[in-house]
Amino acid sequence: MLSTRDMENKIIKVSRSATLPNMDDLHGKRIVLGLTGGIACFKAAELCRSLVKAGAKVQVVMTDAAAQFITPVTMQALSGQPVYTSQWDAREGNNMAHINLSREADAILIAPASADFMAKLIHGKADELLSLMCLARPLQNVPLILAPAMNREMWAHPATQRNVAQLKADGSHVLDVGQGDQACGETGDGRMLEAHEILEDLLSFWTPKVFQGQHVLITAGPTFEAIDPVRGITNLSSGKMGFAIARAAHQAGAKVTLVAGPVSLPTPRGVHRVNVRSALQMNDAVQAIVHQASVFIAAAAVADWRPASAADQKIKKIGSGDSPNLSFVENPDILATVAASPRAQKGDLFCVGFAAESHNLLAHATAKRARKGVPLLVGNIGPSTFGQDDNALLLVDANGAHDIPRNTKTKLAQDLVQDIAKRLGKLILP
Ligand code: C5P
């Protein structure tokens with residue numbers, strides 16, 4: 001039998017993978033990964049590995065400066081492809097690596113992109129293979145994505161900022177830089193994003209923006225209702241489904257606010273997270289923001305009741321057989337309240353509820369949809385999904401129900417976002 005600690009460890013271990021990319025998210029994508037000179041080249045190794053793991057075919061091209069920081073041998077081993085470093089590489093039949101490699105790519109990703117390399121790009125310089133390839137790429141078909149990396153003074157310099165603006169104006173996609181400690185010992189803006197952040201940004205780049213202009217407010221995870229300062233009542237919700245929806249909504253172009261109960265999941269990239277503990281706090285956080293939202297998705301497993309009063313000191317065990325008398329009061333129904341609000345009733349706020357049931361899913365979900373007054377209710381079988389990375393959904397609306405078959409929560413969240421986006425076009429009210 002598992003101890004509580006084992007169970008917690010298990011839940012936390014599984015939880016960490018909640019909103020990771022699917023193994024096949026980049027399946028079939030051919031990416032030229034260009035490395036230019038900078039200490040952040042060490043992160044390109046991890047990035048290459050992540051891209052390959054996500055299903056991409058990665059062709060590495062390195063400048064001479066990049067090869068001072070990391071060897072082509074390492075990058076070849078990680079990408080599984082010979083690395084190109086020179087425009088005079090005789091391996092290509094026509095000796096035109098810059099044409100061949102750029103025509104075969106779905107994107108060129110330069111990571112790290114040095115200040116010097118960006119300066120070259122804006123002038124259309126082409127004196128080595130990588131810049132030559134960027135210039136020779138078919139502009140309409142092969143996006144150029146840059147992950148800058150440099151010292152904070154170099155990043156802040158007006159010349160660099162001017163070059164970044166020019167690169168964007170020329171149609172390149174320049175990723176943000178990270179903030180924090182730099183290899184030179186200074187602290188500030190200019191670090192290259194971490195590999196997982198670049199991967200997330202790349203996935204977002206390729207996600208259709210079906211939620212553009214939407215502000216999606218999501219509740220996720222359990223709530224914790226205090227009995228005293230050390231004890232409370234909670235449930236087994238892992239928060240994974242709600243976090244996956246937050247990630248998918250952001251990738252689809254929405255501004256996303258995630259009101260999260262106590263879970264240890266990492267915040268999806270680009271998502272604004274508000275941490276709460278109790279149902280009352282969750283309700284307050286939702287009410288504070290819901291007037292700005294256009295979609296409200298209640299995925300949290302909110303406790304139905306809370307102890308009528310939480311003791312401010314630990315309740316002591318006086319003697320055996322002596323148990324405290326707890327009385328409960330009902331928590332506000334956040335979803336039903338929001339769904340009854342004038343904006344939701346007018347159709348300015350699309351509300352989605354969840355129902356975790358153990359049996360008779362269709363009947364219970366249909367009844368719950370009516371009770372909560374929402375246009376869409378997503379049913380699932382709680383015991384077969386709590387803490388898991390996969391799930392199966394039943395979408396119930398005014399016209400009936402349809403299944404989204406078992407899949408990873410990451411994929412189900414993407415499907416749900418697509419489904420909601422279609423409904424937003426038509427606005428089906430309860
Ligand atoms: O009533 P029940 O908890 O089964 O309903 C589930 C749905 O209602 C979920 O969408 C959940 O997030 C939401 N809910 C809520 N506030 C509550 C109870 C549930 O928002 N107090």
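The values are calculated or read from the model by the stated rules, or taken from the named source; none is laboratory data. None of the values given here were measured: they were computed from a predicted structure. Here the Cβ positions follow ideal geometry from the backbone for every residue, glycine too, while neighbour counts run over all protein chains shown. Each accessible area value is taken on the protein alone, full model and side chains, heavy atoms only, with ligands, DNA and RNA left out. Shrake-Rupley method; radii C 1.70, N 1.55, O 1.52, S 1.80 Å.
Projecting the Cα atoms of L144, L202, P268 onto the charge dipole of the chain, computed from C-beta unit charges around the Cα centre, puts P268 farthest toward the positive end. Measuring between alpha carbons in the structure, the pairs from K168/K255; K53/K411; K53/K255; K120/K168 lying more than 19 angstrom apart are K168/K255; K53/K255. Here region 143-250 is treated with +1 on each Lys and Arg Cβ and -1 on each Asp and Glu Cβ, and its dipole about the Cα centre works out to around 320 debye.
Solvent exposure of R343, expressed as accessible area, is near 70 Å², computed with a probe of 1.4 Å over the protein chains only. Taking the protein heavy atoms of region 107-208 in the context of the full set of protein chains, the accessible area attributed to carbon and sulfur is 50 percent at 1.4 Å.
Only Lys, Arg, Asp and Glu carry charge here, each on its Cβ (+1 for the first two, -1 for the last two); on that basis the chain has a dipole of about 780 debye about its Cα centre. Volume per residue of the convex hull around the Cα atoms, evaluated for region 292-430, comes out as 165 Å³. With K and R counted +1 and D and E -1, the other residues having a Cβ less than 12 Å from that of V256 yield a net charge of +4. The alpha-carbon of K317 sits under 16 angstrom from the alpha-carbons of these aspartates and glutamates, leaving out residues fewer than 8 places away in its chain: D228.
Of the residues L33, L51, V259, the one whose Cα sits farthest towards the positive end of the charge dipole of the chain is V259 (charges of +1 on Lys and Arg Cβ, -1 on Asp and Glu Cβ, taken about the Cα centre). A simple count of charges around L101, restricted to other residues whose Cβ falls under 15 Å of its Cβ and scoring Lys, Arg +1 and Asp, Glu -1, yields +1. The residues of the chain present an accessible area of 48 Å² per residue when probed at 1.4 Å with all protein chains retained.
By average Cβ neighbour count within 10 Å, what is the ranking of 248-255, 290-297 from highest down?
Those peptides, ordered most packed to least, come out 248-255, 290-297.
Restricting attention to the chain, close to 30% of DSSP beta bridges with both partner residues there are antiparallel.
The residues I404, I233, sorted by heavy-atom accessible surface at 1.4 Å with ligands and nucleic acids left out, run I233, I404 from largest to smallest.
Computed with every protein chain present, the accessible area of H157 is close to 100 Å² [probe 1.4 Å]. Within the shell of other residues whose beta carbon sits under 10 angstrom from the beta carbon of A244, the net charge comes to +3, with Lys and Arg scored +1 and Asp and Glu -1.
Measuring with a 1.4 angstrom probe and ignoring ligands and nucleic acids, W305 comes out at about 150 Å² accessible. If both residues of a DSSP beta bridge must be in region 30-206, then about 20% of such bridges are antiparallel. Region 110-137 and region 246-262 have Cα centres separated by 35 Å. Among beta bridges from DSSP that stay inside region 200-356, the antiparallel ones total about 25%.
In the chain, if the dipole is taken from +1 on Lys/Arg beta carbons and -1 on Asp/Glu beta carbons about the Cα centre, which of Q214, V374, A301 is farthest to the positive end? Sorting the options by dipole projection puts first V374.
The charge dipole of region 331-372, taken about its Cα centre with unit charges on the Cβ of Lys, Arg, Asp and Glu (plus for the first two, minus for the last two), comes to roughly 120 debye. Heavy-atom accessible area with a 1.4 Å probe sorts K29, K168, K240, largest first, into K168, K29, K240. Here region 30-206 is treated as an ellipsoid with the same Cα gyration tensor; its semi-axes, largest first and in whole Å, are 23, 18, 16. Heavy-atom accessible area with a 1.4 Å probe sorts F328, F224, largest first, into F328, F224.
Solvent-free Debye calculation, one equal scatterer per alpha-carbon of the chain: log10 I(q)/I(0) at 0.07, 0.12, 0.14 Å⁻¹ equals -0.44, -1.01, -1.19.
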